[in-house]
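The values are calculated or read from the model by the stated rules, or taken from the named source; none is laboratory data. Since this is a predicted model, take the numbers as computed values, not measurements. Every residue, glycine as well, gets a Cβ built from its backbone with ideal geometry; the counts of neighbours run over all protein chains shown.
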(Lines give C-alpha, C1' and ligand atoms only; values in the text may rest on other atoms or scores of the structure.)
Protein backbone atom coordinates (compact mmCIF):
# COMPACT_ATOMS: atom_id res chain seq x y z
CA UNK A 1 0.00 0.00 0.00
CA UNK A 2 1.47 3.41 -0.92
CA UNK A 3 2.14 5.85 1.89
CA UNK A 4 -0.20 8.80 2.33
CA UNK A 5 1.15 12.13 1.11
CA UNK A 6 1.38 14.84 3.73
CA UNK A 7 3.61 16.19 6.45
CA UNK A 8 1.26 16.42 9.44
CA UNK A 9 1.98 14.49 12.62
CA UNK A 10 -1.14 12.41 12.04
CA UNK A 11 -0.09 11.41 8.51
CA UNK A 12 3.46 10.55 9.57
CA UNK A 13 2.16 8.43 12.47
CA UNK A 14 -0.35 6.66 10.25
CA UNK A 15 2.34 5.88 7.67
CA UNK A 16 4.69 4.52 10.34
CA UNK A 17 1.90 2.39 11.82
CA UNK A 18 0.93 0.96 8.44
CA UNK A 19 4.51 0.02 7.60
CA UNK A 20 5.16 -1.58 11.00
CA UNK A 21 1.87 -3.48 10.74
CA UNK A 22 2.94 -4.69 7.28
CA UNK A 23 6.10 -6.17 8.84
CA UNK A 24 8.72 -3.53 8.08
CA UNK A 25 11.32 -2.78 10.79
CA UNK A 26 10.41 0.31 12.83
CA UNK A 27 13.56 2.23 11.83
CA UNK A 28 12.75 1.67 8.15
CA UNK A 29 9.12 2.70 8.70
CA UNK A 30 10.14 5.92 10.44
CA UNK A 31 12.69 6.77 7.72
CA UNK A 32 10.20 6.14 4.91
CA UNK A 33 7.40 8.11 6.60
CA UNK A 34 9.68 11.10 7.28
CA UNK A 35 11.02 10.96 3.71
CA UNK A 36 7.45 10.98 2.37
CA UNK A 37 6.64 13.97 4.63
CA UNK A 38 9.72 15.87 3.40
CA UNK A 39 8.74 15.16 -0.21
CA UNK A 40 5.20 16.39 0.43
CA UNK A 41 6.54 19.63 1.91
CA UNK A 42 8.98 20.11 -0.98
CA UNK A 43 6.19 19.58 -3.50
CA UNK A 44 3.93 21.94 -1.60
CA UNK A 45 1.64 19.07 -0.72
CA UNK A 46 -1.86 19.67 0.50
CA UNK A 47 -2.21 20.01 4.27
CA UNK A 48 -3.69 16.96 5.98
CA UNK A 49 -5.68 19.04 8.48
CA UNK A 50 -6.96 22.59 8.59
CA UNK A 51 -4.43 25.16 9.74
CA UNK A 52 -4.45 25.97 13.44
CA UNK A 53 -5.59 29.40 14.65
CA UNK A 54 -2.92 32.10 14.45
CA UNK A 55 -2.20 32.04 18.21
CA UNK A 56 -1.54 28.28 18.06
CA UNK A 57 0.00 28.15 14.57
CA UNK A 58 1.92 24.94 14.16
CA UNK A 59 2.16 23.89 17.81
CA UNK A 60 0.95 20.78 19.61
CA UNK A 61 -0.63 20.76 23.08
CA UNK A 62 -2.27 17.93 25.00
CA UNK A 63 -2.11 14.18 24.45
CA UNK A 64 0.10 12.73 21.72
CA UNK A 65 -1.75 9.88 20.02
CA UNK A 66 0.26 7.43 17.93
CA UNK A 67 -0.15 3.86 16.68
CA UNK A 68 3.50 3.20 17.50
CA UNK A 69 4.65 2.27 21.00
CA UNK A 70 5.71 5.00 23.42
CA UNK A 71 9.31 5.88 24.30
CA UNK A 72 10.25 5.79 20.61
CA UNK A 73 10.60 9.55 20.01
CA UNK A 74 9.70 9.51 16.32
CA UNK A 75 7.05 12.23 16.02
CA UNK A 76 8.47 15.58 14.91
CA UNK A 77 6.36 18.53 16.09
CA UNK A 78 6.53 22.02 17.52
CA UNK A 79 5.54 22.85 21.07
CA UNK A 80 5.21 26.29 22.64
CA UNK A 81 8.34 27.62 24.29
CA UNK A 82 7.95 27.01 28.01
CA UNK A 83 5.72 23.96 27.68
CA UNK A 84 6.42 20.65 29.44
CA UNK A 85 6.23 17.12 28.04
CA UNK A 86 5.02 14.47 30.50
CA UNK A 87 6.70 11.14 29.58
CA UNK A 88 4.55 8.25 28.34
CA UNK A 89 5.35 5.98 31.29
CA UNK A 90 4.06 8.59 33.72
CA UNK A 91 0.87 9.17 31.69
CA UNK A 92 0.25 5.42 31.54
CA UNK A 93 0.92 4.97 35.27
CA UNK A 94 -1.70 7.63 36.07
CA UNK A 95 -4.19 5.44 34.21
CA UNK A 96 -3.11 2.23 35.98
CA UNK A 97 -1.29 1.12 32.82
CA UNK A 98 -3.91 2.52 30.42
CA UNK A 99 -2.66 5.48 28.36
CA UNK A 100 -6.13 6.77 27.46
CA UNK A 101 -7.13 6.76 31.13
CA UNK A 102 -3.82 8.49 31.87
CA UNK A 103 -4.63 11.23 29.34
CA UNK A 104 -7.94 11.80 31.15
CA UNK A 105 -6.14 11.87 34.54
CA UNK A 106 -3.66 14.52 33.34
CA UNK A 107 -6.48 16.62 31.92
CA UNK A 108 -8.32 16.32 35.25
CA UNK A 109 -5.18 17.27 37.22
CA UNK A 110 -4.77 20.51 35.25
CA UNK A 111 -8.45 21.45 34.97
CA UNK A 112 -7.92 24.34 37.42
CA UNK A 113 -5.13 25.94 35.40
CA UNK A 114 -6.06 29.29 33.82
CA UNK A 115 -6.56 29.12 30.07
CA UNK A 116 -4.65 32.13 28.78
CA UNK A 117 -3.18 32.45 25.33
CA UNK A 118 0.51 31.63 25.64
CA UNK A 119 1.20 33.43 22.36
CA UNK A 120 -0.10 36.65 23.91
CA UNK A 121 1.81 36.26 27.16
CA UNK A 122 -0.35 33.66 28.87
CA UNK A 123 -1.41 34.20 32.45
CA UNK A 124 1.74 36.18 33.27
CA UNK A 125 1.48 38.66 30.40
CA UNK A 126 5.08 37.90 29.31
CA UNK A 127 5.50 36.33 25.86
CA UNK A 128 6.98 32.84 26.01
CA UNK A 129 8.77 32.92 22.64
CA UNK A 130 8.79 31.03 19.38
CA UNK A 131 7.61 27.42 19.09
CA UNK A 132 10.30 24.82 19.82
CA UNK A 133 10.82 21.84 17.49
CA UNK A 134 10.94 18.48 19.31
CA UNK A 135 10.71 14.79 18.48
CA UNK A 136 8.13 13.21 20.77
CA UNK A 137 6.67 9.78 21.43
CA UNK A 138 3.13 8.51 21.40
CA UNK A 139 1.56 8.44 24.86
CA UNK A 140 3.25 11.63 26.01
CA UNK A 141 1.28 14.72 27.04
CA UNK A 142 2.29 18.32 26.29
CA UNK A 143 1.37 20.84 28.99
CA UNK A 144 0.92 24.44 27.88
CA UNK A 145 3.15 27.18 29.31
CA UNK A 146 0.08 28.41 31.21
CA UNK A 147 -0.26 24.99 32.91
CA UNK A 148 3.47 25.02 33.73
CA UNK A 149 3.19 28.54 35.19
CA UNK A 150 0.16 27.45 37.22
CA UNK A 151 2.16 24.45 38.52
CA UNK A 152 4.84 26.85 39.73
CA UNK A 153 2.47 29.24 41.47
CA UNK A 154 2.93 31.90 38.79
CA UNK A 155 6.60 31.21 37.97
CA UNK A 156 7.44 29.17 34.87
CA UNK A 157 10.88 28.11 36.18
CA UNK A 158 9.35 26.98 39.47
CA UNK A 159 6.72 25.12 37.44
CA UNK A 160 9.38 23.22 35.50
CA UNK A 161 11.18 22.32 38.75
CA UNK A 162 7.92 21.20 40.40
CA UNK A 163 6.98 19.08 37.40
CA UNK A 164 10.47 17.51 37.26
CA UNK A 165 10.16 16.57 40.94
CA UNK A 166 6.64 15.23 40.41
CA UNK A 167 7.86 13.05 37.50
CA UNK A 168 10.74 11.68 39.61
CA UNK A 169 8.49 10.99 42.62
CA UNK A 170 5.75 9.43 40.48
CA UNK A 171 8.28 7.17 38.76
CA UNK A 172 9.67 6.02 42.15
CA UNK A 173 6.12 5.22 43.33
CA UNK A 174 5.41 3.33 40.11
CA UNK A 175 8.55 1.22 40.58
CA UNK A 176 7.52 0.39 44.17
CA UNK A 177 4.03 -0.56 43.02
CA UNK A 178 5.30 -2.76 40.20
CA UNK A 179 7.75 -4.53 42.53
CA UNK A 180 4.87 -5.47 44.85
CA UNK A 181 2.78 -7.04 42.10
CA UNK A 182 2.66 -10.84 41.97
CA UNK A 183 4.32 -12.59 39.03
CA UNK A 184 2.42 -14.16 36.17
CA UNK A 185 -0.12 -16.79 37.14
CA UNK A 186 1.02 -20.32 36.36
CA UNK A 187 -1.37 -22.99 35.10
**Item:** Inter-residue pairs, beta-carbon under 9 Å, first in contact (Cβ under 8 Å) with a residue 60 or more places away in the chain and in the range 10-33, second outside any loop (DSSP other than H, G, I, E, B) and buried (at least 16 other Cβ atoms within 10 Å of the Cβ), 6+ apart
**Value:** 12/30; 12/33; 12/34; 12/36; 12/37; 12/75; 13/33; 13/75
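Filter the range 71-88 down to the residues that are out of contact with any strand residue (DSSP E or B) (no Cβ under 8 Å at 6 or more places or on another chain) and more than 20 Å from residue 147 (Cα to Cα) and list them by number.
Matches in the range 71-88: 71, 72.
Out of the range 31-83, which residues are at pLDDT below 85 and on the phi > 0 side of the Ramachandran plot?
44, 58, 71, 73
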**Request:** Pull up the range 75-117, narrow it to residues that are assigned to a strand (DSSP E or B) and within 28 Å of residue 38 (Cβ to Cβ), then point me to the one that is nearest to the chain's Cα centre (by Cα).
**Result:** 85
